[in-house]
Each structure stands twice: as structure tokens, then as C-alpha cells.
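Shown next, in C-alpha cells, is the structure this report addresses.
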Amino acid sequence: MVGGAIKAAVADALLTFMWIFCASSLGALTYLVSSTLGVAPGLPSLFITTFLIFTLLFIFGFIGDLLGGASFNPTATAAFYAAGLGGADSLVSAALRFPAQAAGAVGGVVAIVEVMPLQYKHMLGGPSLKVDVQTGAIAEGVLTFIITLAVLFIVIKGPNSVIVKNWLLSMSTVSLIVAGSSYTGPSMNPANAFGWAYVNKTHNTWEHFLVYWISPFVGAIVAAWVFRILFPPPTKEKKA
């Protein structure tokens, strides 16, 4: 079991590194595409961002499957486990996967900061608290609850088409990012928040731990419990 947990942690670290590296460049990519097409800021630019996220989700879903079900978001790992959909995951596995995802995020942030051209570096940056700590914690928890419930429903009960699923996930993600932009960034992914906070040397503060770790995990696990109540996992009937 420990060997499988270590393998899952390594896969998570690798996938998280790649995700943070790519996702952090979405602002610059959106700007480049918009400028090339002559698209004005606003809804057209949001559509471009949504399409780019859709593309990343499609690609990373394929890579995650190749890596044995790797994940780049600790709250997603916790939510699927709490919803009874974690497969072979256990507390031992989670204890290894969460730090691995955080380490992968740090590597991804460091890498993208190093390779991003100077004229676009101002477009890089992670989630940041724009309100008081209590409001930020509530906002991040609620947003993570909503996105987790949406992900569980779309992935488990949603359409069979992978393309439609990824498009729904993309629209949900962009909508919540816009909704939470004036509160916490938002992150809805503790690993992503930790990566940027580590580089900015704010990772060891109580505010970071409360807003970007405790609240998202609470929101994700509550969402998983709600999903489990609404859609109980199938149980195997005992043989007579």
C-alpha cells in the first residue's frame, strides 16, 4: 500500500508542476490571443480564457489518466475520497499526496517565473487576499464548495461526452474566478496558493493557512458530503 501511495504522490507532484506552469500563463496567453485577433477586453476575452482552460483540462485529464489518476488539486483528492469515490486512496495516501502536490506547485511557479518573457511577467501572480481574513476565509470556502459540487456532479453524473464535460468545467471555473476575483483571487486550490505564497515568502502565515488551506478543505469536504447524500455510492449486496 505504501508503494502505491508513493507512486501516486510522485504522479501528483509531476502533474501539479505541469498544471501550475501552464495555468499561470493563461493571462499572458489570453492577452496574446486577444491582441492577435483584435478582441476587446470583456466577454470576448473571457471566452478566450474559457477556451484555453478547456484545452488544458482536456489535455491534463488525458495526462492524469496516463499517470494513474493523478490530481493537481488537494481539495479534489479529499472531496473524491469523502464522497466515497477515491478508489484505492487512504489516509496514508492523502498524507503523501498533499505535500507532493504543494511541492509540485512550488516547482511550477519557480519555473514559469524563470521562463516567462520580461514583458509578460507582470501578468503572473497567484491568489491574494483583498478583504479581511474572515471574509476571505468564508469566500474561499464557499467558492470551493460550489466548484467541488459542480465538479463532482459534472464528472460523475454529467454528460458522457468528455468534450461537454470539460466545457462545463471550464465555464464553471471561469465564472467562479470572476466572482471571487475581488475577494481572494480566488484559488480554490491550496497547492496553487501555496506555490505562489512560498515564492513570495507568505506561506507560513496564519492568514494563508486559514484562507487557502482550512477553508477550501472544509468547503470541498462539505460539498462531497452533500453530493454523497444526494447521490449515495452503490453498495454491494451481501451474498446470502
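The values are calculated or read from the model by the stated rules, or taken from the named source; none is laboratory data. Source: prediction; values computed, not measured. With ideal geometry, Cβ positions are generated from the backbone for all residues, glycine too; neighbour counts draw on all protein chains shown. For the accessible areas, the whole protein counts, side chains as well, though only heavy atoms, and no ligand, DNA or RNA atoms are used. Shrake-Rupley method; radii C 1.70, N 1.55, O 1.52, S 1.80 Å.
Scanning the stretch 136-156 for residues being touching a Leu at 6+ places or on another chain (Cβ under 9 Å) and over 27 Å from I48 (Cβ atoms) gives a total of 4. Considering only the stretch 1-26, state which residues are modelled with pLDDT under 90 and surrounded by fewer than 22 Cβ atoms within 10 Å (Cβ to Cβ). Hits for the stretch 1-26 are M1, V2, G3, G4, A5, I6, K7.
Taking the listed residues L52, L67, the one that is open to solvent by 30 Å² or more (accessible area, probe 1.4 Å), touching a residue at least 40 places away in the same chain (Cβ under 8 Å), out of contact with any Pro (no Cβ under 9 Å at 6 or more places or on another chain) and under 19 Å from I20 (Cα atoms) is L67, with no other qualifying.
With respect to H208, is the statement that it is surrounded by fewer than 19 Cβ atoms within 10 Å (Cβ to Cβ) and under 27 Å from L26 (Cβ atoms) true?
Spelling it out, it is not the case that H208 is surrounded by fewer than 19 Cβ atoms within 10 Å (Cβ to Cβ) and under 27 Å from L26 (Cβ atoms).
Is it true that some residue in the stretch 89-102 is among the hydrophobic types (A, V, I, L, M, F, W, C), surrounded by fewer than 17 Cβ atoms within 10 Å (Cβ to Cβ), modelled with pLDDT under 85 and under 24 Å from K157 (Cβ atoms)? No, the stretch 89-102 contains no residue that is among the hydrophobic types (A, V, I, L, M, F, W, C), surrounded by fewer than 17 Cβ atoms within 10 Å (Cβ to Cβ), modelled with pLDDT under 85 and under 24 Å from K157 (Cβ atoms). Filter the stretch 36-49 down to the residues that are open to solvent by 70 Å² or more (accessible area, probe 1.4 Å) and assigned to a helix (DSSP H, G or I), then identify the one that is nearest to W196 (Cα to Cα). It comes out as F47. The set of residues from the stretch 130-152 being within 17 Å of A197 (Cα to Cα), of a type outside the set (D, E) and either surrounded by 21 or more Cβ atoms within 10 Å (Cβ to Cβ) or in contact with a Cys (Cβ under 7 Å, 6 or more places away or on another chain) (or both) comprises G136, A137.
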